[in-house]
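A short write-up of the structure that comes next.
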Amino acid sequence: MNSQSILVPKISTLPVHEPRARAIVRWLVRKNIIKEELTTCGRTGNRMGYALADGARAVVLYPQALPFNEPINGLEIIYKRCIYTPAKGFLEEAGCPQCRKEVGEALFESLEDWMPGHTDNFTCPLCGHEDDINGFLFLQECGFSNLGFIFNNWAEAGYPSISIPKFVRVLH
Ligand SMILES: [Zn+2]
């Protein structure tokens, strides 16, 4: 198994993102979906994450597919600006919500300015429409934000089927 279920806010700069993330962690711990303490159950960086806990069985479609016996089964939280795209077969396509034209090439090039935080926005080179980069249209799920929740190897279990805070969306 090697999957990631990722929740990302639809906004480049989520205000007070660390307290918000901690509130979500507290909620997940209260529901016993994740363990309270950090352990080496992640995949990236220092591999610290919140391990899968028993209550997760109640909130997924296929509890038997939860990775209880896997060393990598935890929730990792990314607190810095990051680009989330599908791992395989990503076409770098994007559409402008105003003129409806394909602007993927320019948009993905502009991430060079977005990544270091010079801007949160992208401006359509064809019609001048400017918005947070997340406001453009993407056929394949992707996200651009200073906060990300990565659930390692939970995808086969069908997570999440629970109602999650409204500012996030589900990526696989
Ligand atoms: Zn446009």
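The values are calculated or read from the model by the stated rules, or taken from the named source; none is laboratory data. Keep in mind it's a predicted model, so treat the numbers as computed, not measured. Cβ: placed from backbone, ideal geometry, glycine included. Neighbour counts: every protein chain shown.
Miscellaneous remarks
- Per this entry, A56 is not counted among residues that are of a type in the set (G, A, S), without any contact (Cβ under 8 Å) to a residue 12 or more places away in the chain and assigned by TED's automatic domain parsing to the domain that holds A157.
- Filtered residues of the range 54-109 (kept if of a type in the set (K, R) and within 16 Å of the ligand (Cβ to nearest atom)): R100, K101
- Number of residues in the range 110-145 that are more than 16 Å from the ligand (Cβ to nearest atom), under 25 Å from G89 (Cβ atoms) and either at pLDDT 95 or above or crowded, with 19+ Cβ neighbours inside 10 Å (or both) equals 8.
- Residue match in the range 30-45 (condition: β-branched (V, I, T), crowded, with 18+ Cβ neighbours inside 10 Å and over 20 Å from N134 (Cα atoms)): yes
- Verdict on F68 being assigned to a loop (DSSP other than H, G, I, E, B) and over 17 Å from V8 (Cα atoms): yes
- Number of the exception - N32 against (1) within 17 Å of the chain's Cα centre (by Cα); (2) in a loop (DSSP other than H, G, I, E, B); (3) not hydrophobic (A, V, I, L, M, F, W, C): (1)
- Qualifying positions in the range 52-83 - farther than 17 Å from N2 by Cβ and among the aliphatic types (A, V, I, L, M): A53, A56, A58, V59, V60, L61, I77, I78, I83
- Residue check, I24 at pLDDT below 90 and of a type in the set (A, V, I, L, M): yes
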